[in-house]
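The values are calculated or read from the model by the stated rules, or taken from the named source; none is laboratory data. These figures come from a predicted structure and were not determined experimentally. Cβ coordinates were reconstructed from backbone atoms using ideal geometry, including for glycine residues, and neighbour counts include every protein chain displayed.
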């Protein structure tokens, strides 16, 4: 994070697309989302997914394996904004202090 | 160095062209990809002529008429970022409206050529020549070259692309001529054959262009952690101009027999007083020197051409043997201890063990004619101040007060 | 050192034109300049950058030299003064600044002798031509500039007449150029020089 002027691309150009990945913003988090799978529609039948759609940091990883629907947070990038908790129609996400 | 304006090889045509027309013709021959401009007197002929070349199918350039100079420079930056060779032209209020975007052009390291027909700033509104417009932009990161003749305006426009697009530089460049005094003055201009210019300027090789196959981000937010480093890069690039300028000019001289130097010295060798100025007053000052020399006066002229970057070290050497340097400039820097050109000159001389006296005369604001008599008056005053051993920081000449 | 005693334009022929906006002052000046250029000279041809409105008095300046011209101010002591418009003679004094051995070229019905006494001119050359009448008779419109230009060329020999005519024909190809050529030839034959 402290390269010299001769070591960085000209004029602030960013040459690698998607390099925001290198900047782990999970450290900004004051509250972390906690997922309760009991009423979650994704876990139940692979629908809804509003939390994932609204997440501004693409930090909710939804997947399917062997007919089972899996749910995970990527805490490297989750800033703890709480949008997922706000959007969940079944109120199965709660925010807890770090 | 002394300017060499020898008309030799290769045989192009000789035309009577105004300064504006000469620049337009040079742009045509430089095979620019995009020209985006908004018309403003006295730069108008450049864009008018270029639009005519376009309408007649003489150029393949994409000409983008825009609704303001702010947009003109913005369009230039976009085109240049995509790798195009780009030019525009402006003056006075137009240049002022471009201001914000000038810094974007240099900060994004886009080698855009901007022809400026120097014109006074409002208010009161005035269409005539002084240097307030481009002097105001002297810190914008643009290279600035000031031309004395239509031939030089033509030659400099051609060279400017090579200087700006050099990979050690990559900075935008202003080619400045005195509004009306040169922009509307028909002079003898020796044009180069198209293929000679084409070979000389070549095709721009862009660095990190916008490319959909290899996407990059340009002009991102950059705060306390890195902004300073990018300005350090820009400063270094500007310092590179000295060498690149010399190299490009040496090559140009080989092709055309003409060169101008970062500055031109005229009869300065044994001069007690050196008059320092640029653009059209520098020509008049040379005519004054010829007349004064016949009277036995030891006087010469140093005509600046490259104002940004400012060749301070070389200038100090040239001026060190003089007893006084009389600066003539067409700009008032309100509230400053002295005015832009003299500020630079004084700074350049500050470290000399034996400093010449510097006098600063503000002349010709708003197109007020600068006749030989005004230059002589400045010379006489400088002589008097030398005898007294003391001079004011600056004064205005040729104004009723 | 007084500037008055010095000659800043050695080897340069300096011309001042007077006329009104719309009469072709700038154009005639450029044509004379381009003619001089094609004869191998260096030139500067520039208007006085005033409000160039139709009818307003305007000036234009020309410098001709065998060497590159350094001087960039307006012309203060012309070798040649040309005035296109006869009605201007009561508004401006065209002989102002004219060099002692200079040439004054006027579109007027007055004789050179009358002009000399009007402006108190004792030396130099005074040239008159009734360009207004010539223009109206040949061109049918009040374009006085070309016949006046012809008178100036005839009287001063600054450039060759055929060079100027060629310049006019290349700028105005076809009938307009031919009529102007005719007007110029007649002006050259009717010019009064004293």
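Only one of the numbered conditions (1) part of a loop (DSSP other than H, G, I, E, B); (2) surrounded by fewer than 17 Cβ atoms within 10 Å (Cβ to Cβ); (3) in contact (Cβ under 8 Å) with a residue 24 or more places away in the chain is violated by residue B:57, and that is (3).
On the stretch given as the range A:12-43, residues that are out of contact with any helix residue (DSSP H, G or I) (no Cβ under 6 Å at 6 or more places or on another chain) and within 12 Å of chain B (Cβ to nearest Cβ) total 9. I'd like the residue in the range B:261-281 that is touching a strand residue (DSSP E or B) at 6+ places or on another chain (Cβ under 8 Å) and under 19 Å from residue B:309 (Cα atoms) and, out of all such residues, is surrounded by the fewest Cβ atoms within 10 Å (Cβ to Cβ). Among them, the one singled out is B:265.
Which residue is modelled with the highest pLDDT, if the candidates are limited to the range C:44-67 and must be in contact with a helix residue (DSSP H, G or I) (Cβ under 8 Å, 6 or more places away or on another chain) and surrounded by fewer than 24 Cβ atoms within 10 Å (Cβ to Cβ)? Going through the qualifying residues, I end up with C:61. List the number of the failed condition for residue B:248; all other conditions in (1) in contact with a helix residue (DSSP H, G or I) (Cβ under 7 Å, 6 or more places away or on another chain); (2) assigned to a strand (DSSP E or B) hold. Failing condition for residue B:248: (2).
Of all the numbered requirements in (1) in contact with a strand residue (DSSP E or B) (Cβ under 7 Å, 6 or more places away or on another chain); (2) buried (at least 24 other Cβ atoms within 10 Å of the Cβ); (3) under 17 Å from residue B:176 (Cα atoms), residue B:40 misses one, and that requirement is (2). Among the residues making up the range A:45-73, a single one is under 8 Å from the mean Cα position of the chain (by Cα) and in contact (Cβ under 8 Å) with a residue 40 or more places away in the chain: A:73. Could you tell me whether residue C:64 is part of a strand (DSSP E or B), at the interface with chain B (Cβ under 9 Å from one of its Cβ atoms) and closer than 29 Å to residue C:142 by Cβ? The answer is no for residue C:64. Looking at the structure I just gave you, is residue C:107 buried (at least 24 other Cβ atoms within 10 Å of the Cβ), away from chain B (no Cβ under 14 Å) and touching a strand residue (DSSP E or B) at 6+ places or on another chain (Cβ under 9 Å)? Yes, satisfied. Are any of the residues in the range B:293-308 within 22 Å of residue B:399 (Cα to Cα), at pLDDT 95 or above and either within 14 Å of chain C (Cβ to nearest Cβ) or out of contact with any strand residue (DSSP E or B) (no Cβ under 8 Å at 6 or more places or on another chain) (or both)? Checking the range B:293-308: not a single residue is within 22 Å of residue B:399 (Cα to Cα), at pLDDT 95 or above and either within 14 Å of chain C (Cβ to nearest Cβ) or out of contact with any strand residue (DSSP E or B) (no Cβ under 8 Å at 6 or more places or on another chain) (or both).
Here residue C:89 does not qualify as facing chain B (nearest Cβ under 10 Å) and not in a loop (DSSP other than H, G, I, E, B).
Residues that are part of a helix (DSSP H, G or I) and under 19 Å from residue C:42 (Cβ atoms) within the range C:16-31 comprise C:29, C:30, C:31, listed in sequence order. Take residue B:120 and tell me if it is buried (at least 24 other Cβ atoms within 10 Å of the Cβ), touching a residue at least 12 places away in the same chain (Cβ under 8 Å), within 14 Å of chain C (Cβ to nearest Cβ) and over 23 Å from residue B:205 (Cα atoms). So residue B:120 fits the description; yes. Name the residue that is nearest to the other protein chains (Cβ to nearest Cβ), counting only residues in the range B:21-46 that are within 19 Å of the chain's Cα centre (by Cα) and more than 18 Å from residue B:161 (Cβ to Cβ). The selected residue is B:42. When the residues of the range B:187-201 are filtered to those that are in a loop (DSSP other than H, G, I, E, B) and touching a helix residue (DSSP H, G or I) at 6+ places or on another chain (Cβ under 8 Å), the one that is nearest to residue B:19 (Cα to Cα) is B:191.
Checking B:243, B:231, B:254, B:214 one by one, the residue that is under 23 Å from residue B:160 (Cα atoms), facing chain A (nearest Cβ under 9 Å) and surrounded by fewer than 15 Cβ atoms within 10 Å (Cβ to Cβ) is B:231 and no other. Any chance the range B:177-185 includes a residue that's assigned by TED's automatic domain parsing to the domain that holds residue B:93 and surrounded by fewer than 21 Cβ atoms within 10 Å (Cβ to Cβ)? No, the range B:177-185 has no match at all. Of all residues in the range C:136-152, count the ones that are in a helix (DSSP H, G or I) and surrounded by 24 or more Cβ atoms within 10 Å (Cβ to Cβ). Matching residues across the range C:136-152 total 8.
With respect to the conditions (1) under 21 Å from the mean Cα position of the chain (by Cα); (2) surrounded by fewer than 18 Cβ atoms within 10 Å (Cβ to Cβ); (3) closer than 20 Å to residue B:85 by Cα, residue B:237 lacks only one, and its number is (2). The residues listed here are B:287, B:316; of these, the one that is under 22 Å from the mean Cα position of the chain (by Cα) and within 14 Å of chain C (Cβ to nearest Cβ) is B:287. Answer yes if at least one residue in the range C:159-175 is free of Cβ contacts under 8 Å to residues at least 60 places away in the same chain and in contact with a strand residue (DSSP E or B) (Cβ under 7 Å, 6 or more places away or on another chain), and no otherwise. No, the range C:159-175 contains no residue that is free of Cβ contacts under 8 Å to residues at least 60 places away in the same chain and in contact with a strand residue (DSSP E or B) (Cβ under 7 Å, 6 or more places away or on another chain).
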